[in-house]
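Enquirer: Sharing a structure below in structure tokens format, with a few things to ask.
Any read-out appearing in this document is the output of simple, stated calculations on the displayed coordinates, not a laboratory observation. Worth saying up front: this structure is predicted, and the values here are computed from it rather than measured. Glycine also receives a Cβ, built like all others from the backbone with ideal geometry; neighbour counts cover every protein chain displayed.
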Amino acid sequence: MVAVFNKELLSWYLITLKLKETVDARIPSCSRSVESLGVETRQPSNELQIEINGDFDNSKEGPKSPESEWMITVREKLDLAQKDDVGGTWGKICIYRVPQYLRDGEDKAYIPNIVSLGPYHHGKKRLRPMERHKWRAFYQILKRGNQDAKLYLDSIKELEERARDCYEGQITISSNDFVEMMVLDGCFVLELFRGAAEGFIKLGYARCDPVFAMRGSMHSIQRDMIMLENQIPMFILDTLLGLQFGQPDQTGGLVARLALHFFDPLMPTDEPLTKSDRNKMVSSLGFTNTFDPLSDQSYLHCLHVFRQSLLRRGPQMEPRKWIKRWSHSSRVADKRRTQLIHCVTELKEAGIKFKKRKTDRFWDIKFKDGVLKIPRLLIHDGTKSLFLNLIAFEQSHLDCGNEITSYVIFMDNLINSQEDVGYLHYCGIIEHWLGSDADVADLFNRLCQEVVFDINNSYLSELSEKVNRFYNHKWNSWRASLMHNYFSNPWAIISFFAAVILLILTAGQTFYGIYGYYNPP
């Protein structure tokens with residue numbers, strides 16, 4: 001054991017000695033190589049100055065200071081800001097992330113539950129099961145048209161940069177994955193659109209298909225597809241549908257019309273498309289213009305199409321004629337300062353009557369001679385998510401009006417309690433499938449809690465001023481109080497007339513008593 005131990009020590013000693021000789025041999029060679037280049041090394045105190053061809057470099061070697069690393073980071077961020085500013089992509093964004101001030105407490109209304117479209121929710125674990133059905137949709141399209149997948153991928157590849165500019169923030173998905181995502185998501189959307197219009201069986205799907213059938217989870221899929229963060233640019237859908245028909249540049253707004261038909265069950269009105277309209281929709285697949293409820297214009301995405309269809313059914317809204325007044329409450333999110341009108345109970349006490357207006361334009365409210373006419377509004381379990389996403393789009397997109405926001409805030413002002421909802425339901429104005437009238441009141445009271453809104457920039461401002469003037473008239477309040485207290489039911493009416501007759505008889509008896517006293521017979 002001792003011999004082996006000494007042998008190991010001897011080996012380590014020889015290795016150390018060899019290393020020392022090697023290091024000593026390399027140092028002079030390095031010095032000679034530096035001198036051969038005409039470089040003179042000096043070491044005054046603790047600094048090193050190098051003279052190369054008569055010039056001096058006074059930079060210090062060694063690890064960089066924290067301050068210099070910080071400045072490098074700042075410059076990198078400034079370079080990124082310059083690219084964002086020079087790129088000019090802000091005006092191209094049309095698919096936004098929902099602002100945080102709107103999202104608080106309402107995440108379920110903005111996050112899809114079954115299917116993801118676009119990059120914002122792509123790859124989430126709970127949404128992955130739908131990916132296999134997207135591939136099925138793509139396969140059916142290729143099978144029907146006897147086409148190659150490369151045609152679709154190459155066509156969308158040319159539109160990749162334009163598509164990326166539509167989304168807010170930096171999209172970190174690679175180029176190939178982004179193109180693949182656009183093709184799969186777009187084809188999936190188009191198969192749903194065409195299946196709703198033509199029939200899924202006609203497109204090659206089984207009658208009991210778990211996704212491509214107008215039953216089961218279709219309602220949830222429709223709600224996911226109308227969300228702001230779950231949109232595909234309309235030009236992507238137009239291109240993909242054009243490729244299916246062999247005419248990529250001649251869709252003629254067909255996708256917009258198909259989208260309108262597909263999302264018709266989500267309309268906040270009980271006026272669905274008629275059978276004749278559906279027949280015209282199917283005939284429009286031949287690229288005819290026989291059915292066109294939408295005007296010719298470029299649409300951004302399906303949510304934009306849906307919003308425009310809500311506002312374009314029938315005549316256009318009347319232009320605002322009032323003069324916008326400056327005030328400190330112009331752009332506020334304080335609900336107390338966005339009061340357009342009083343609640344139903346207070347308006348009833350002021351003598352204002354409520355009637356249902358027969359029109360499918362749910363936003364078209366009229367007021368004349370003390371009668372407020374409001375179109376019928378259908379409220380279901382998807383209404384809350386629908387209105388919240390429409391409001392979020394109007395709050396985010398600068399080139400968009402605030403008509404939906406104005407309407408929701410107007411209804412929020414009208415409805416303060418379940419009694420208000422009950423009376424509007426009695427008048428036929430509100431029809432709901434929720435649990436109770438209190439749930440409807442809570443829905444409207446929560447829709448616009450944090451909305452930034454200008455009360456002077458609403459298409460209902462002029463109407464609200466007329467209602468408020470009627471409400472503030474004293475005679476109207478007195479008349480309404482009389483009607484409420486003495487003419488609210490038949491027994492109250494009988495009691496009122498009995499009291500009047502009794503009062504007249506008492507007055508007559510008093511008169512004849514006094515008259516007989518001063519003028520005896």
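Enquirer: Return the whole-Å distance between the Cα centroid of the range 355-392 and the Cα centroid of the range 419-457.
Expert: One Cα centre to the other: 10 Å.
Enquirer: For a quick check: with amide H placed at 1.01 Å from N, whose amide H comes under 5 Å from ILE379's, ignoring anything fewer than 5 positions away on the same chain?
Expert: GLU431, HIS432, TRP433
Enquirer: Counting only DSSP beta bridges with both residues in the range 336-479, tell me the antiparallel percent, nearest 5.
Expert: Details: 3 of 11 bridges.
Restricted to the range 336-479, the bridges split so that about 25 percent are antiparallel.
Enquirer: Could you give each residue of the range 179-192 its phi-based ³J(HN,Hα) in whole Hz, using Karplus coefficients 6.51, -1.76, 1.60 with θ = phi - 60°, and x for Gly or Pro?
Expert: Computed from phi, the couplings for the range 179-192 are 5, 4, 4, 4, 5, 5, 5, x, 5, 4, 4, 5, 5, 5 Hz.
Enquirer: If you don't mind, there's one more thing I want to ask. Could you tell me the distance between the Cα centroids of the range 102-173 and the range 228-246, to the nearest Å?
Expert: 11
Enquirer: In nm, to one decimal, how far is the LEU80 label point from the TRP135 one, both placed 7 Å along Cα→Cβ?
Expert: With each label point 7 Å from Cα toward Cβ, the separation is 3.5 nm.
Enquirer: What is the calculated FRET efficiency for ARG312 to LEU502, with r their C-beta to C-beta distance and R₀ = 56 Å, to the nearest 0.05?
Expert: Working: r = 61 Å, r/R0 = 1.09.
The computed FRET efficiency comes out at 0.40.
Enquirer: Where a ≥ b ≥ c are the square roots of the eigenvalues of the C-alpha gyration tensor, would you call the range 336-479 rounded, which needs a/c under 1.5, or, failing that, prolate if a/b is larger than b/c, or oblate? Let's see the in-between values first.
Expert: On the way: a/c = 1.74, a/b = 1.26, b/c = 1.37.
Note, shape of the range 336-479 comes out oblate.
Enquirer: Another one. So which of LYS77/LYS125; LYS358/LYS466; LYS77/LYS108; LYS356/LYS384; LYS108/LYS373 end up more than 28 Å apart by C-alpha? All intermediate terms of the calculation are to be shown ahead of the outcome.
Expert: Details: LYS77/LYS125 32 Å; LYS358/LYS466 21 Å; LYS77/LYS108 34 Å; LYS356/LYS384 22 Å; LYS108/LYS373 33 Å.
From LYS77/LYS125; LYS358/LYS466; LYS77/LYS108; LYS356/LYS384; LYS108/LYS373, over 28 Å: LYS77/LYS125; LYS77/LYS108; LYS108/LYS373.
Enquirer: Net charge around PHE200, counting only other residues with Cβ within less than 14 Å of its Cβ (Lys, Arg = +1; Asp, Glu = -1)? Write down the numbers at each step before the final one.
Expert: On the way: positive: ARG136, ARG144, ARG194, LYS202, ARG207, ARG215; negative: GLU191, GLU198, ASP209.
Taking every Cβ under 14 Å from that of PHE200, the sum is +3.
Enquirer: Quick one: pull the percentage of alpha-carbon pairs in the range 100-311 with a separation above 22 Å. Spell out each step's value before the answer.
Expert: Details: 10852 of 22366 pairs.
The calculated P(r) of the range 100-311 puts 49 percent of pairs beyond 22 Å.
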